[in-house]
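So the structure is just underneath, and the comments pick up after that.
The values are calculated or read from the model by the stated rules, or taken from the named source; none is laboratory data. Note that the coordinates shown come from a computational prediction; the quantities given were computed from them, not determined experimentally. When we count neighbours, we look across all protein chains shown, and the Cβ atoms used for this are built from the backbone with ideal geometry, even at glycine.
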Amino acid sequence: MIGDFTDWKKRPALPVVAGQPIALTLPRAAWVEYAWLDADAEPFADPDNPQRSLNPWWPYPRAAVIGEYARHPLSLDTGAVPGGTANRLSWEGQVFAGTRRAIVYTPPGYDAAQEYPVYYVQDGVAFYRTGRLGDLLDRALHAGLIAPAVLVFVEPGDRNAEYYLNDRYLDVLVQEVWPRVEGQYSVSRTAQGRGLWGASLGGLISLYLGSRHPELFGRVVSHSGAFIAHPDARKGTEIDTTTAGEWLRERLSAAPPRHLKISLDTGTLEWLTAPNRRMAAALADAGVPHQYREYQSGHNWVTWKTALPEALLYMQGK
């Protein structure tokens, strides 16, 4: 068995022994995702469990749900509200080869005469389609809970190569994304009004770049940040998210990013729970403005979709 608790592919799977059950202890109101491995170590879906996940990348995860998993009221679709506008961009990449894509989401009532805070969201298609962050923005605005912002959903080419502590990803933003967005939309060009947002490796690169560039960024949202990482632990597209140590936390403890407002969260049933707790503790010790939240679930889109409202409220709440 593999799942949220094994890093899916990098940690040893839980072995199946003939005649012996696999026992997992889970908290009440929990959601955790898993799959089986066949004799060739290929994952497949549990044929006895119809509960699918929200995973946009793999078809095989199934969910074990204990009781009723609690979701934030804002994450529930409670009816039609005024919607924003999604505008699609595409271009040929210069920093990394291949066609690049992004979706610029402007809030309802967007006024080009007004300057808006802007968030550059990693894994853009997943946050737009699965996380439905644009719809959440609409509902929170309709409820009068937040100030408006523009969301730029940036799609990676190879996320392992681009997000694992790679400074060249900043070149993608500065040289390719920003000219297209800032040339067409009324968004902030100051650090105070510019943020980064991501999950897992996307959370890692967001906090890494945000902390290194106070002249560019003032806000970071990270869901289940892949904070087990080291610059020397990347070999091409092969990366180490289980044994590389917590280099970024050590770096931020030595040089706290007090210029940032940071939202962190994690599931309690994933291998990255402890690194995220330690990162939040380091930020607290250093007096860095932040919030930290935990959810009774794993490294999956149920966790992150539930976490999105509180992150948005912390960043944009009135």
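Take Asp111 and tell me if it is under 30 Å from Ala233 (Cα atoms) and of a type in the set (D, E, K, R).
Details: under 30 Å from Ala233 (Cα atoms): no; of a type in the set (D, E, K, R): yes.
No.
State the number of residues belonging to the stretch 90-117 that are of a type outside the set (Ser, Thr, Tyr), buried (at least 17 other Cβ atoms within 10 Å of the Cβ) and under 25 Å from Asp77 (Cβ atoms).
Result for the stretch 90-117: 5.
Suppose we keep only residues that are in a strand (DSSP E or B) and of a type in the set (Asp, Glu) within the stretch 220-268. Which one would you say is farthest from His290 (Cα to Cα)?
Residue satisfying both the conditions and the ranking: Glu238.
Which residue, of Glu238, Glu310, Glu250, Glu270, is in contact (Cβ under 8 Å) with a residue 60 or more places away in the chain and surrounded by fewer than 16 Cβ atoms within 10 Å (Cβ to Cβ)? Give the steps one after another, and end with the answer.
Values: Glu310 fails: surrounded by fewer than 16 Cβ atoms within 10 Å (Cβ to Cβ); Glu250 fails: in contact (Cβ under 8 Å) with a residue 60 or more places away in the chain; Glu270 fails: surrounded by fewer than 16 Cβ atoms within 10 Å (Cβ to Cβ).
Just one listed residue meets the conditions, Glu238.
What are the residues in the stretch 33-55 that are closer than 18 Å to Thr130 by Cβ and surrounded by fewer than 14 Cβ atoms within 10 Å (Cβ to Cβ), if any?
The answer is Gln51, Arg52.
Name the single residue that is surrounded by the most Cβ atoms within 10 Å (Cβ to Cβ) among those in the stretch 1-26 being under 23 Å from Gln296 (Cβ atoms) and of a type in the set (Val, Ile, Thr).
Ranking the candidates gives Ile2 first.
Among the helices (runs of 4 or more DSSP H) contained in the stretch 143-216, which hold 1 or more residues that are in contact with a Phe, Trp or Tyr (Cβ under 6 Å, 6 or more places away or on another chain) and farther than 20 Å from Gln94 by Cβ? Talk me through it step by step, then tell me what you get.
Working: elements: 159-163, 168-171, 178-182, 201-212.
Output list reads 201-212.
Yes or no, residue by residue, for (1) modelled with pLDDT of 95 or more; (2) touching a Lys or Arg at 6+ places or on another chain (Cβ under 9 Å):
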| residue | (1), (2) |
| --- | --- |
| Phe217 | yes, yes |
| Val220 | yes, yes |
| Ile228 | yes, no |
| Ala233 | no, no |
| Glu238 | no, no |
| Thr241 | no, yes |
| Leu252 | yes, no |
| Ala255 | yes, no |
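Only residues in the stretch 282-295 that are buried (at least 16 other Cβ atoms within 10 Å of the Cβ) count as the first member; pair them with residues that are part of a helix (DSSP H, G or I) and among the hydroxyl-bearing types (Ser, Thr, Tyr), Cβ under 7 angstrom, at least 6 apart or cross-chain, and list the lot.
Close Cβ pairs (under 7 Å, with a partner that is part of a helix (DSSP H, G or I) and among the hydroxyl-bearing types (Ser, Thr, Tyr)) amount to Ala282/Ser253; Gln291/Tyr314; Tyr295/Thr303; Tyr295/Thr306.
Which condition does Tyr60 not pass, out of (1) exposed (fewer than 14 other Cβ atoms within 10 Å of the Cβ); (2) part of a loop (DSSP other than H, G, I, E, B); (3) of a type outside the set (Gly, Ala, Ser), if it passes all the others?
Tyr60 satisfies all of (1) exposed (fewer than 14 other Cβ atoms within 10 Å of the Cβ); (2) part of a loop (DSSP other than H, G, I, E, B); (3) of a type outside the set (Gly, Ala, Ser) except (1).
For the stretch 71-87, give me the residue count where each residue is outside any loop (DSSP other than H, G, I, E, B), of a type in the set (Ser, Thr, Tyr) and more than 20 Å from the chain's Cα centre (by Cα). Please lay out each step first, then the result.
Taking the stretch 71-87 as the starting set, the residues that turn out to be outside any loop (DSSP other than H, G, I, E, B) are 73-75, 85-87.
The next check asks that each one be of a type in the set (Ser, Thr, Tyr); those that pass are 75, 85.
Next, only the ones that are more than 20 Å from the chain's Cα centre (by Cα) stay: 85.
The total comes to 1.
Applying the selection to the stretch 130-177, what residues are surrounded by fewer than 18 Cβ atoms within 10 Å (Cβ to Cβ), basic (Lys, Arg) and closer than 19 Å to Asn55 by Cα?
Arg132
For Arg88, all conditions in the list (1) free of Cβ contacts under 8 Å to residues at least 24 places away in the same chain; (2) in contact with a Ser or Thr (Cβ under 9 Å, 6 or more places away or on another chain); (3) of a type in the set (Lys, Arg) hold save one; what is the number of the exception?
(2)
Output the residues belonging to the stretch 16-34 that are of a type in the set (A, V, I, L, M, F, W, C) and on the phi > 0 side of the Ramachandran plot.
Result: Ala29, single match.
In the stretch 22-52, how many residues are at pLDDT 90 or above, of a type outside the set (A, V, I, L, M) and either part of a loop (DSSP other than H, G, I, E, B) or closer than 19 Å to Thr266 by Cα (or both)?
Total meeting the criteria: 12.
Looking at Ser253, Ser297, Ser263, which is the one that is of a type in the set (Ser, Thr, Tyr) and over 20 Å from the mean Cα position of the chain (by Cα)? Before you say what the answer is, go through the steps one by one.
Details: Ser297 fails: over 20 Å from the mean Cα position of the chain (by Cα); Ser263 fails: over 20 Å from the mean Cα position of the chain (by Cα).
Matching residue, one of Ser253, Ser297, Ser263: Ser253.
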